[in-house]
Amino acid sequence: MKNAPYPYYEIAEVPTLRDLIAYGRDQGGNNTIFYGGKRNTQPISFKSAYHLVEALGTFLLNQELRDAKIALLGENSTEWCLSYFAIVSTGNVVVPLDKELPREDLAELIRHCGCQAIFFSKKYTDVADYFHSLEDFPEMLYFTMNEFDSYVTEGEYLMQDGDRSFAETAVTPDTLACIVYTSGTSGKSKGVMLSHGNLASDVVATCQCVTARNTQIFLPMNHTFSWASAMFAAFLYHVDAHISGNMKRIVKDLNQNKPQNISAVPLMVEMLYNGIWVNAKKQGMDKKLRHTITLSQALMICGIDLRKRLFRRIHENFGGKLETIICGGAALDPKLQKGLYDFGITVINGYGITECSPVVAVNRNNDFRFGSVGKPLPCNRVKIADPDEEGVGEIYVAGTNVMLGYYKDPEATAEAFEGEWFKTGDYGYIDKDGFLFITGRKKNLIILANGKNVSPEELEEKLRRLEYVKEVAVYEEDKAVTGEFYLDTAEYPDAPERLQEDIRLFNSSMPSCKNIQKVKLRSTPFEKTTTMKIKRYLLAQPAGKR
C-alpha cells in the first residue's frame, strides 16, 4: 500500500454521453464491448453498439419523441444498455426504474415525472399492462425490449431513406440526460436531475483515477454506480463488459467470464470473502490458509509478492484474472479490504451519492488506505463544513458532477445547497494526506441529552466484526442507544449468550456516550432497499419523533 502522490491516467475528455459512445466506436472499433442479454451468443462490438444506438435513436425520433421522458424497466441486458444510450443520445431524458419496487410505486414515479414512453423487458410485461390499465395515467408509448431488433430495423430503413434526424439532434453538456429516483432509505424518493456534463465529467474523472480492464456488471443497471464504474467506463477504457445481474451466479460468472475487475456493494464483497473461509473450513484447510497468509505477509514486508501463486486456488475459483473490486454504495468493513488484499485482490473503496453522478472520491490502484473512501476526484472539490474538535463535519461537494437539482422540488433543491456547495448529508473527515473518511449519515445521528453526537454507523462497523453477527442496526429508542442484531444462530448456537459478554467488553472499550444501552434480537434480516441498505425509517424512533 502506497501513500505517495499518484499521477492521473490519460483519459479522453468527452463532454456528453453521445460523445462517449462515439469515442468508444472510434477507439474500440470491431473489438467487443458487450456480452449479455439476448445477444449473449452474438457479442456486440464498439462500432456495432454505436450503429444500434443510432438506428434505435432514429426510430425514437420518428415516433415524435423529442425532449421526452422515457422510462426504462428491466433486468440487466445489452438491450437495456443500448436503449439507455439511444434515449439520451437523442436529447430525450431516461428515467431508469428500479425493477425491485412494487408496481404501485413505479406507477407513482412515472406519474411524478410524466413519462411519454417506456421500454420494458418481457419479464415486466405484466407491470406494463398494469400501467396501461390505470385511469388518469400518463399516455405513453410502450416498447418491449423483446422487439428491440424490429425497432432497430425500422430505424435502419429510415436512415437508408435519408433520415438524418439522429445526426442533426443537438446534445450539449447542459442537456438533461436522466432523472434518477433515490433509493429512499428515509422513506421518500426524490428525482435527481443529472445532465450529460454531470455524468460525462464524473466518469472521465473516475477513469483518470482508477485503471481497469475487462469487467463483469453485476450491479443493477438502474443504479448510477453501475454507470460510472462499468457501463460508461468500458467506452473510455475500450474494453469489454460482461452483463449479468443474478447475484446467485457471481462465482459461476466469474469463472466463466474471467474479468479483471468487478464493481460491488459491500454485501457482495463480504459474500466473496466469507465464501473463501467457508470453503477452507469445509475442506479442513482453514488453519493452513492462516499459516500461508502469515508467510505471505512476511514475504511482502521483504518486497516479495507471491500472493497469486500462494493463493492460486482462490484466484482460480474467481476466474483466475480478478485483480480489483471497486466497491461503493455503503460502509465497507476494513477487515474485508485487508482480508482480500492478503489474497492478492485489491478492493478499491469509494464514496458517491446519486446527486454527484455519483462518484465523489475513490482510492487509487496504488494509492489507497484501508478504511478510507479515497481522495476526491479531479472533477470536484470536497470540504468539511463546521468540523468538530476531531475534524468531523458534514461533507460538502462542488464540481461539474453535481446535479442540476431535484425534479419538481425547488424547495428540496434550495435546501440541499449552500451557494455552490451541495450538502451531502454525510459526515466525515479528511486526514493530513487528503484521504476522506466517512463516519455516518447526518439524519441517522443520535443526539444525546448531554449534546454529544453518536454516529450509529461507527458502532455498527465495529459490532459487525463479531463473527456471529450477520446484521446490526444502532438507533435511539426511548432515549437509549439501542443495538438490534440478526445473529447467525445456525452456525453459532450460543450466539445470544456470547453477545451479552461481547457487548459488555465493547462498552468497556468505548467512551460512555457510545455504549450500547439496550440490546434487541430479531429472527429475520432487516428490510432493505434494492441497494441493500437497511430501511432506517422502519426502525424505532426516539420519543417525540415517531
Check which residues have an amide H placed less than 5 Å from Val360's amide H, if you skip close sequence neighbours. Tyr351, Gly352, Ile353
Taking Cα atoms, the helix 46-62 axis meets the longest principal axis of the chain at an angle in degrees (rounded to 10) of 60 degrees
Solvent-accessible surface (1.4 angstrom probe) belonging to Met285, in square angstrom, nearest 10: 70 Å²
In nanometres, what is the gap between the two model label sites at Asp149 and Ala170, each 7 Å from Cα along Cα-to-Cβ? 3.9 nm
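What order do Val94, Val239 take when sorted by accessible area (1.4 Å probe), most exposed first?
Details: Val94 0, Val239 30 Å².
Solvent-accessible surface, decreasing: Val239, Val94.
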For a Förster distance of 60 Å, can you work out the FRET efficiency between the beta-carbons of Asn366 and Tyr130, rounded to the nearest 0.05? 0.75
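If R0 is 45 Å, what FRET efficiency do you get for Gln42 and Thr294 from their C-beta distance, rounded to 0.05? Intermediate results must be reported in sequence, preceding the final value.
On the way: r = 48 Å, r/R0 = 1.08.
Once rounded, the FRET efficiency stands at 0.40.
Sorted by packing (mean other beta-carbon atoms within 10 Å per residue), highest first, where do 298-309, 475-486, 100-111, 78-89 land? Before the final figure, lay out the partial values.
On the way: 298-309: 11.8, 475-486: 18.3, 100-111: 15.8, 78-89: 26.4.
Packing order, densest peptide first, comes out as 78-89, 475-486, 100-111, 298-309.
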Considering only DSSP beta bridges whose two residues both sit in the chain, what percent are antiparallel, to the nearest 5? 55 percent
Among Pro138, Tyr537, Pro410, flag the residue with its Cα farthest along the positive direction of the charge dipole of the chain, charges on Cβ as +1 for Lys/Arg and -1 for Asp/Glu. Tyr537
Longer than 30 Å from Cα to Cα, which of Lys47/Lys423; Lys47/Lys321; Lys432/Lys462 are they? Say none if no pair is. Lys47/Lys423
Residue by residue through the range 360-366, the couplings from Karplus 6.51 cos²θ - 1.76 cosθ + 1.60 with θ = phi - 60°, in Hz, x for Gly and Pro, are 10, 8, 7, 6, 9, 4, 10
Run lengths n ≥ 4 of DSSP H only: what is the helix-derived mean residue ellipticity at 222 nm for the chain, with -39500 (n - 2.57) per run over all residues, to the nearest 500? -10000 deg cm²/dmol
Residue separation between Asn279 and Tyr157 times 0.36 nm, minus their alpha-carbon distance, gives in nm 38.4 nm
Using a 1.4 Å probe and ignoring any ligands, DNA or RNA, find the accessible area of Lys518 and quote it in Å² to the nearest 10. 70 Å²
Rg and Dmax of the chain, using alpha carbons, in Å: what are they? 24.0, 78
With the other protein chains left in place, how much accessible area per residue, in square angstrom, belongs to the chain at a 1.4 angstrom probe? 45 Å²
Skipping prolines and chain starts, which residues have an amide H placed within reach, meaning under 5 Å, of the one on Gly405, given they are 5 or more residues away or on another chain? Met193
What are the ³J(HN,Hα) values, in whole Hz, obtained from phi via the Karplus relation 6.51 cos²θ - 1.76 cosθ + 1.60 with θ = phi - 60°, for each residue of the range 427-442 in sequence order, with x given for Gly and Pro? 9, x, 8, 10, 7, 5, 9, x, 7, 8, 10, 9, 10, x, 9, 3
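What does the net charge come to around Val269 if you take all other residues with beta carbon closer than 13 Å to its beta carbon, with K and R at +1 and D and E at -1? Intermediate results must be reported in sequence, preceding the final value.
On the way: positive: Lys335, Lys338, Arg464; negative: Glu270, Asp333.
Charge balance in the 13 Å sphere: +1.
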Where a label projected 7 Å from the Cα of Ala330 along Cα→Cβ would reach, residues of the range 477-515 with amide N under 15 Å: 484-487
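Using a Förster distance of 51 angstrom, determine the FRET efficiency expected from the C-beta separation of Tyr142 and Ile447, and round it to 0.05. Write out the running numbers ahead of the final one.
Details: r = 49 Å, r/R0 = 0.96.
Between Tyr142 and Ile447 the formula returns 0.55.
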Karplus ³J(HN,Hα) for the range 294-306 (6.51 cos²θ - 1.76 cosθ + 1.60, θ = phi - 60°; Hz, whole; x = Gly/Pro) runs 4, 5, 4, 5, 5, 5, 4, 4, 8, x, 10, 10, 10
Any idea what the relative contact order of the range 47-160 is, in percent, if you count C-alpha pairs under 8 Å spaced at least 6 apart? 34 percent
Sorting Thr529, Thr439 on solvent-accessible surface, 1.4 Å probe, most exposed first, gives Thr439, Thr529
Mind checking the dipole of the chain: about its Cα centre, +1 per Lys or Arg Cβ, -1 per Asp or Glu Cβ, Debye to the nearest 20? 2300 debye
Could you compute how much accessible surface Lys443 exposes when probed at 1.4 Å, giving the result in Å² to the nearest 10? 120 Å²
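The values are calculated or read from the model by the stated rules, or taken from the named source; none is laboratory data. It should be emphasised that the depicted structure is a prediction, and the values quoted were computed from it without experimental measurement. Every residue, glycine as well, gets a Cβ built from its backbone with ideal geometry; the counts of neighbours run over all protein chains shown. When the accessible area is computed, the model is the full protein with side chains, heavy atoms only, and any ligands, DNA or RNA have been set aside. Shrake-Rupley method; radii C 1.70, N 1.55, O 1.52, S 1.80 Å.
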